[in-house]
Amino acid sequence: MLASGARQNVLHPHSPAEHSIATLWWVMFGVACVGLAVVAFLLLLGWIRRNRAALPFGGNERAATRLVVILGIATPIVLLSALFVWSDVFVIRTTAAPSPSSTARTVRVIGHQWWWEIAYGGAQAVTANELHIPVQTKVDIVGTTADVIHSFWVPELNRKIDLIPGRSNSVLLYADRAGTYLGQCAEFCGLQHAHMELIVIAQPRGQFQHWLRQQSVRASGGSGLQAFTKDGCANCHAIRGTTAKSHVGPDLTHVASRQTLAAGTIPNDASHMREWLRDPQKIKPGSKMPQVPLSRGDLDALVSYMESLR
């Protein structure tokens, strides 16, 4: 979907927290490979010596028993204990929820079926499915849900957190370089769970501040606003600066500035916007946006108005 080549790869870390997770994974993978190699070697040795009466490694039962105790009991206990201590003492603490005083910005994320609502503390900006953060800056993501359990996960930046009704969980996002990172709901949440994508855009601080100021500006009216209100769009969506103030669906104040529509389902351009407005159920079956009968004139006016909201 994204021309930037963004991906979801836990082994391609771009933050200190995710680097700790990836390092732990590689170490566990290496230990598992060594363990598998030892087991395979012993199986091969047993097959080669299947017709011999003498035992290997000294040829007596005591030596064989010692080998089983060392390789089969003592070594796994030591290795698993070391990995447990490393993951508990170092990795979990590195990826733990940050204290508000340790972060430069707080962003609130609310999971919906099937899209993300994003609000920036201290600013009027409210977006959907696209999270902007300043690069090399600690950002506290405070997540909750408006309906069922969701799970917020940006694999290249940190671990996942569950979004549970009635409570908030936090995770630290820190990007060590500018770029685009793909997030995803990682908890099955219904029919369109697979189409609940999140785009995280890490920008230089100056660019981020400029973007945030633009997103905080209210929209102006236009010829399409009348169709927006008349055809019922305002019953579910808000456009700040107009009479549309509902919060059932995503805030559309700057919808044209986003890269995708329907939480990563389709690109955000005029042709896909037209298809989405004409028949959202065809593009994303089960979504909360109903199919509204629109005249050709109203559809043209709505598409033009949506494209002007940048």
Point to revise | Calculated log₁₀ intensity ratio I(q)/I(0) where the Debye formula runs over C-alpha points of segment 163-213, q = 0.14, 0.21 Å⁻¹ | key: -0.55, -0.94
**Study point:** Cα-only Debye scattering, segment 21-135: base-10 log of I(q)/I(0) at q = 0.10, 0.13, 0.24 Å⁻¹
**Key:** -0.60, -0.75, -1.29
Exercise for review: Compute the whole-percent fraction of alpha carbon pairs in segment 207-259 spaced more than 19 Å apart.
Suggested key: 27 percent
Study note, to complete from the structure: Taking max minus min of the Cα coordinates of segment 203-310 on each principal axis, largest first, gives extents in Å of 43, 28, 23
Review point. Can you work out the FRET efficiency for the pair Ser295 and Ser99, with r the C-beta to C-beta distance and R0 = 45 Å, to the nearest 0.05?
Key: 0.25
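Just for the chain, what percent of DSSP beta bridges are antiparallel, to the closest 5? Walk me through the numbers on the way to the answer.
Numbers: 28 of 40 bridges.
Rounded to the nearest five, the antiparallel share is 70 percent.
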Review point. Over segment 130-253, how many percent of alpha carbon pairs lie in each 10 Å bin up to the one with the longest distance?
Key: 12, 32, 34, 20, 2
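Based on Cα coordinates alone, diagonalise the gyration tensor for segment 175-247, multiply each eigenvalue by 5, take square roots, and list the semi-axes in whole Å, largest first.
Details: eigenvalues 172, 103, 13 Å².
Equivalent ellipsoid of segment 175-247: 29, 23, 8 Å, largest first.
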**Study point:** GNM top mover of Glu156, Glu197, Glu187 - the chain, alpha-carbon springs below 10 Å
**Key:** Glu187
Practice item. Name the residue, out of Trp47, Trp86, Trp25, whose mean-square fluctuation peaks in a Gaussian network model built on the chain with Cα pairs under 10 Å. Key: Trp47
Review point. Just Gly111, Gly224, Gly232 to compare: in a GNM of the chain, with alpha carbon springs under 10 Å, which one fluctuates most?
Key: Gly232
Exercise for review: Evaluate E = 1/(1 + (r/R0)^6) for Ser168 and Ser304, where r is the Cβ-Cβ distance and R0 equals 25 Å; express this FRET efficiency to the nearest 0.05.
Suggested key: 0.05
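Can you pull the percent of the chain's accessible area that's carbon plus sulfur, 1.4 Å probe, other chains left in place? Write out the running numbers ahead of the final one.
Values: 9820 of 16060 Å².
Of the solvent-accessible surface of the chain, carbon and sulfur hold 61 percent.
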Review point. Of all the Cα-Cα pairs you can form in the chain, what percent are over 35 Å apart?
Key: 36 percent
Study note, to complete from the structure: Summing -39500 (n - 2.57) over every DSSP H run of at least 4 residues in the chain and dividing by its residue count gives a helix-only mean residue ellipticity at 222 nm, to the nearest 500 deg cm²/dmol, of -10000 deg cm²/dmol
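The values are calculated or read from the model by the stated rules, or taken from the named source; none is laboratory data. Please read these numbers as outputs of a predicted model, since none were measured by experiment. Neighbour counts run over all protein chains shown; Cβ positions are idealised from the backbone, glycine included. Surface areas here come from the heavy atoms of the whole protein model, side chains and all, with no ligands, DNA or RNA. Shrake-Rupley method; radii C 1.70, N 1.55, O 1.52, S 1.80 Å.
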